[in-house]
Amino acid sequence: MQNRQEKISQVVVTAVQMRDIEDRIFAAGMPVVALMEKVAGLIARRIQEIPPTLLQKAYSVPSNTPFLRGSPQAGGSRVGILVGPGHNGGDALVVARELHFRGYEVWIYSPFSKLKELTSQHLQYAQSLGIPIYQTIEQLPDSDLLIDGLFGFGLERNLTDPIASAINQLNQLPVPIYSIDLPSGLHTDTGEVLGTAIRATHTFCLGLWKLAFFQDQALEYVGKAELIDFDIPLADVKAVLKDAPRIKRITPATALANLPLPRPPVTHKYKEGHLLLICGSRRYAGGAILTGLGARASGVGMLSIAVPESLKSLLVSHLPEALIVGCPETETGAIAHLQLPEKTDLSSFDAIACGPGLTRDATPIVQEVINSDRPLILDADGLNILAQMGAIATLKKRLAVTVLTPHTGEFQRLFPDVPDAKHDRVQAVREAAAQSEAIILLKGARTAIANPQGAVWIVPESTPALARGGSGDVLTGLLGGLLAQAATKEIPIEDIVATAAWWHSQAGIIAAQERTELGVDAFTLTQYLIKVLSN
Ligand SMILES: NC(=O)C1=CN([C@@H]2O[C@H](COP(=O)(O)OP(=O)(O)OC[C@H]3O[C@@H](n4cnc5c(N)ncnc54)[C@H](O)[C@@H]3O)[C@@H](O)[C@H]2O)[C@@H](O)CC1
Ligand SMILES: [K+]
């Protein structure tokens, strides 16, 4: 049995789902006032835990910031609280009161004339305590820290002036900003910036992870994100999410549970999966090596790699354990057609991964693997060739599962009619999977994986160190190896895909920690894959 914390940490909700869950809690008898006290109390405690060193950074003060006087005070005792009209503002006011009593020098920025009842009461009490309250941005004193309680998941329309320009000015201040629930101005589901948004250094996401935290376009606003668990009953979460397709954060526990470990004590190489990689060309030889090294790290029992004949000895020298299949090649050095060893055909393999470094001259071979009845991963030029064939119609005819691993550009070529993947990546990947009946992994800062039934998995952390040539080839090999090993097990393929994506990101994170974000070339990445499991 997973513990509560593990279960809660996997859940991702939309604004509507979050409101429905809260409504159930209130309907069951929890007073709104009590919940606000509880939530804001937890935030206030977290603020008090912030080490003073975090607030003592030597910030450079922009010369065009007229209302900023002096430099941040040591200890971070001056806190500015930004208060909006709804309960996000109410939370912020409770935090203001608590910090006031803990000895912080607190001021409040409350630019709205109409507040929700509870928020208004808290503002009145704060005023009675003598906490200074300002309506305009020009009046604001210095602070060492800002707490953003302008808007939470209740924001529905674009921000306009004067609040929009106030937010732009607040973003210029050389102090950390801690956002409550989500940075004010972000759409809770798409992560889109509604006019403008607070650029938080930290965000305390309340209760359950909101979808915005996993949309690439939100990431530079969210800063470091942290979930504040305020004991939402799992029964209420289940009741609201039961009929909706799941959106799940991949946690280490779920990813590790899908790995083919431990191996059965009695086994043999063919029982541990036979993967066929089809990759490389005279022009892109390295892609084949990296894909092979990714597959090696998966632990796959048997690895065959089909490459153009002229690459054979190169591949043998890098991957001595693999069976390298040299194939006839085109004039341009692409694989012309598959030439498998005697008594072998495509049905001999548990999975096929095809694409890295092929060039578009390898079209016949992509057609051949699409026609096979084997689980198939298409990547890179495999995807470009598929796009030329017409992705949706071609994929629907397949007899076995297909996994596509596009980045945004490839995705748009494959699915030109699916709404812009930059606007709402999660919705886009979900729609493409439904239309094509394939499992789709959309690469990005937060990689998202969808199955045809509408369920989505999100890799919750990664590193920009992975934005580098060859890094995708490593993923294709790793995924292929895991898929081949899963052939005889009853793990859903989409779970395997999610596990591979998580593993790949973790290797990048560990490598970047040791070697900086500049030190994670694709070959180095392959050397860190096993470290993820052995750490
Ligand atoms: N009920 C509670 O005590 C709890 C409150 N929470 C907090 O409550 C928040 C949600 O509260 P609300 O539903 O009140 O919503 P918000 O506080 O997010 O804001 C909604 C308010 O902003 C106004 N508004 C929306 N768009 C606007 C725009 N473009 N320009 C100007 N005004 C705009 C709305 O009319 C409404 O008054 C959460 O994000 C969270 O911070 C929960 O986290 C925990 C429990
Ligand atoms: K906020």
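The values are calculated or read from the model by the stated rules, or taken from the named source; none is laboratory data. Bear in mind that the values here come from a model prediction, so they are computed numbers and not experimental data. Methodologically, a virtual Cβ is constructed for each residue, glycine included, from the backbone with ideal geometry; neighbour enumeration extends over all protein chains shown. Just the protein is used for accessible areas: all its heavy atoms, side chains included, with ligands, DNA and RNA removed. Shrake-Rupley method; radii C 1.70, N 1.55, O 1.52, S 1.80 Å.
For this structure, a couple of remarks:
- C-alpha long axis of helix 522-534 to longest principal axis of the chain, angle in °: 70
- Percent of alpha-carbon pairs separated by more than 13 Å within region 208-249: 64
- Ranking Leu146, Val13, Leu159 by Cα position along the charge dipole of region 4-244, where only Lys, Arg, Asp and Glu carry charges on their C-beta atoms, puts Leu146 farthest toward the positive end.
- Viscosity 0.890 mPa s, 25 °C: Kirkwood-radius Stokes-Einstein D of region 252-534 over Cα pairs, µm²/s: 133
- Relative to the compact-globule estimate of 2.2 N^0.38 Å, the Cα radius of gyration of region 424-529 comes out at 1.08.
- Links that overshoot a 27 Å alpha carbon limit, given the list Lys38/Lys224; Lys210/Lys443; Lys210/Lys489; Lys116/Lys248; Lys7/Lys116; Lys238/Lys397: Lys210/Lys489; Lys116/Lys248; Lys7/Lys116; Lys238/Lys397
- Taking the C-alpha atoms only, the angle from helix 285-297 to the longest principal axis of the chain is near 70 degrees.
- Rg/Rg_globular for region 117-171, with Rg_globular taken as 2.2 N^0.38 Å and Rg from C-alpha atoms: 1.29
- The smallest convex shape that holds all Cα atoms of the chain, its convex hull, gives 162 Å³ per residue.
- Dividing the mean sequence gap of close Cα pairs (under 8 Å, 6+ apart) by how many residues region 4-244 holds gives a relative contact order of 21 percent.
- Its residues counted as N, region 133-287 yields a C-alpha radius of gyration over 2.2 N^0.38 Å of 1.53.
- Cα-based equivalent ellipsoid, region 214-310: semi-axes from gyration tensor eigenvalues, Å: 40, 23, 13
- Accessible surface of the chain [probe 1.4 Å, protein heavy atoms]: carbon and sulfur percent: 52
- Eligible aspartates and glutamates near Lys396 by straight Cα distance, threshold 17 Å, same-chain separation 8 or greater: Glu368, Asp373, Asp417, Glu431, Glu437
- Sorting the segments 449-455, 87-93 by their residues' average number of neighbouring beta-carbon atoms within 10 angstrom, most packed first, yields 87-93, 449-455.
- Its alpha carbons considered, region 4-244 gives a radius of gyration followed by a Dmax of 17.2, 55 Å.
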